[in-house]
1. Rounded to the nearest 500 deg cm²/dmol, what is the calculated helix-only ellipticity per residue at 222 nm for the chain, with -39500 (n - 2.57) per DSSP H run of length n ≥ 4?
2. What nm value, rounded to one decimal, do you get for the distance between ASN301 and ILE600 when each label is placed 7 Å out toward the C-beta?
3. Once you place label points 7 Å from the Cα toward the Cβ at ILE262 and PHE286, how far apart are they in nm?
4. By DSSP, what percent of the beta bridges with both residues in the chain are antiparallel, rounded to the nearest 5?
5. In segment 448-483, whose amide N lies under 12 Å from the spot 7 Å out along Cα-to-Cβ of THR355? List them in ranges.
6. Would you mind telling me the antiparallel percentage of the DSSP bridges in segment 54-151, rounded to 5?
7. For a test of the definition: using alpha carbon positions, the gyration tensor, and the 1.5 limit on a/c, classify segment 488-605 as rounded, prolate or oblate.
8. Please go through segment 466-543 and write out the GluC sites (Glu not before Pro) that DSSP classes as loop and that have at most 14 other C-beta atoms within 10 Å.
Amino acid sequence: MNFILISYSDAMRYITIIVCFLGIFANAQNIENDTLTTELEEIKIDVVVKKKIETEMKMAVTVDEFLASSDQISFIKRGAYAWEPLLNNMSTERSTVTIDGMHVFGACTDKMDPITSYVESNNLSTIDIKSGQEGGMHGSTVAGSIDLKRKNTSFSEIKEWKGVYQSGFEFNNKQFFNLGNISFTSNKFVADGSISYRKAENYSDGNNNEVNHSQFKKFNSSLGLAYKTSDLSSLRVDAIFDQANDVGYPALPMDLWLSRAIITSVSYKQLFEEGLIGVWDSKIYFNAIEHYMDDTTRPENLVHMDMPGWSTTYGLVSKINLKKGNYSSEVQLNAYDNLSIAEMRMYPQDRTERTMFAYSWPWVTTKYAGLSVNNSLEVTEKSQVNFGGSLGLNYNHSKYVDFNWIFHPGASQEKTRFLPSLYADYNVDVKQFNFSVGGGYGHRAPSVSEGYGYYIYNSFDRYDYIGNPDLKNEISYEINASAGFKNEKFSLQAKANYFHIQNYIIGRILSMGSPMNYQSVGVKGYTSLDYAILFNFSLNAKYDIIEHLHWKGTLTYARGKDNKDGNLPFIRPLSYQTSLQYHYKDFGFQTSINGDLKQINYSPEYGEDKTPSYIVWNLSADYTFYINNFRTTIQVGAENILNEYYSTYADWGNIPRMGRNIFTSLKINF
Ligand SMILES: [Cu+2]
């Protein structure tokens with residue numbers, strides 16, 4: 001218990017420093033008027049307005065670019081496509097990523113396909129990010145949850161068609177994109193449709209060198225149909241189809257020739273006019289992903305390998321919203337069944353002369369069922385308590401357990417785990433200030449790779465990874481706090497959290513076994529450290545300098561250590577982002593600077609080296625006008641204007657990022 005106390009006191013020290021710092025700042029600001037009563041309203045409106053899939057700099061962004069504008073998200077990048085989102089500086093195994101609450105699991109053992117790669121910015125309305133155990137609504141988690149919310153037009157008394165067409169060209173990688181959506185609404189029937197296509201060639205870095213194998217092609221389309229079955233109920237059918245072809249991953253020894261996903265659901269929603277229950281929303285879903293990667297695009301390889309993967313998931317989500325007086329609650333049932341399969345097929349030059357076959361995911365089934373509750377109690381008009389938790393049951397089965405027995409003889413073929421979680425937080429508004437404190441506790445089960453992976457080559461540290469079916473649950477203890485100030489022109493918010501994670505799962509060098517992939521230097525097994533700690537801090541400020549001139553700034557800091565005081569990998573160094581926005585009539589001008597400081601706390605043990613600091617400067621301008629009542633916006637901009645040559649702490653294999661990129665886009669609303 002001792003180490004927990006020490007670590008907690010550490011965290012308290014950090015948080016005290018922050019609160020003190022804010023206190024000083026707040027006093028300085030206090031001289032200004034303090035008689036605003038509608039701050040909370042404003043904050044709420046602010047949040048709603050911000051939830052548009054575009055950033056300050058760019059109106060036509062990819063889902064990844066949009067996520068990158070959040071201070072809670074960082075990325076591991078293996079190229080130009082499908083970045084792996086890290087929430088609270090933790091890898092995707094530690095967070096739940098869902099689409100409208102539906103679980104979708106990638107089919108790639110090398111994480112080429114995070115769930116965010118199967119949607120497009122024009123079929124999403126918002127992305128809901130929740131930190132830590134508060135994100136436990138959709139299933140057990142440590143880092144929190146990322147829920148991608150699809151566009152969902154509501155019923156209306158007036159029949160109406162609406163649409164948006166976006167197109168653009170990015171000069172650096174010759175990316176051409178076309179995105180279209182259309183929606184129809186009436187009092188009985190609603191339809192939402194979207195279609196998009198992106199095609200990009202290799203990008204060039206800051207030294208104007210082409211980064212080979214960084215091209216991609218992506219097609220995405222979605223359709224949603226809803227029918228009002230009665231005054232208070234509706235039925236909705238949704239589908240997404242996504243296909244990526246010829247996607248290069250410059251940081252990996254392999255590329256993707258085809259990735260395809262079909263994501264479907266049927267949902268039924270019942271509203272209640274009276275009583276405790278407000279809404280009851282239930283959904284059944286099915287999704288299937290296929291992923292084919294190979295290294296035949298790399299002629300330097302004498303022996304080739306195909307590594308296809310498949311992931312199929314069936315599930316159910318059912319949610320009830322309750323409200324009585326100053327108390328409201330959400331109760332959600334989640335259940336899903338996933339089958340993950342990945343194969344390795346080695347052959348010299350001719351595919352028919354296969355020399356080796358193995359399952360890197362030996363037909364692993366995961367069944368999960370859990371009940372989650374979120375409660376919210378308004379203690380006074382200015383203070384609120386949120387509390388809740390979940391209890392999940394997680395079952396795994398490995399069909400070809402022989403592969404797991406090579407390194408873990410006699411390991412269990414089936415494994416059942418209980419995954420409890422609890423959290424509570426208190427927030428209060430005091431004049432122009434708001435404060436919150438909270439805590440959480442939760443378990444997560446090892447992922448398919450961590451539990452059952454067989455010779456999964458990790459090109460970052462160049463080891464082959466082996467799963468262990470009998471790993472213990474990872475257990476997270478978490479505390480968080482925030483403090484903010486807001487007046488008419490200025491706002492400042494500081495947030496911090498601290499995680500103490502028991503049985504932290506990470507790869508450690510195994511003395512047995514020899515590497516299978518010719519590039520690899522050895523074999524690592526997933527094991528549990530006694531514990532690891534993680535601290536995240538962010539500071540956000542906004543200032544309206546004059547009426548149409550707005551400034552924004554963000555600073556983030558994180559620190560992660562293992563039980564021997566060694567650094568954890570992929571922890572973002574001190575980073576900053578600052579932007580200025582100016583509007584004049586129908587014109588808009590934006591400029592921003594972002595960068596990371598030098599990475600001092602890197603981890604050689606996990607394949608990291610010291611990454612120097614970098615700074616990127618961006619600029620864009622837009623103009624809005626009307627073509628026959630169609631609101632039209634054109635935008636021109638440049639990213640990385642100074643053509644800085646850089647790679648970040650989380651660029652796999654230190655591949656350089658894109659150099660100067662001029663972009664243009666057009667958006668027509670009709
Ligand atoms: Cu892959």
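The values are calculated or read from the model by the stated rules, or taken from the named source; none is laboratory data. Remember, it's a predicted structure, so these values are computed and weren't measured experimentally. Cβ: placed from backbone, ideal geometry, glycine included. Neighbour counts: every protein chain shown. Ligands, DNA and RNA are stripped out before the accessible areas are found, and what is left, the full protein with its side chains, is counted by its heavy atoms. Shrake-Rupley method; radii C 1.70, N 1.55, O 1.52, S 1.80 Å.
1. The helix contribution divided over the chain gives -2500 deg cm²/dmol.
2. 4.1
3. It works out to 0.8 nm between the two label points.
4. 95
5. none
6. 75
7. prolate
8. Here the sparse-neighbourhood loop sites are GLU488.
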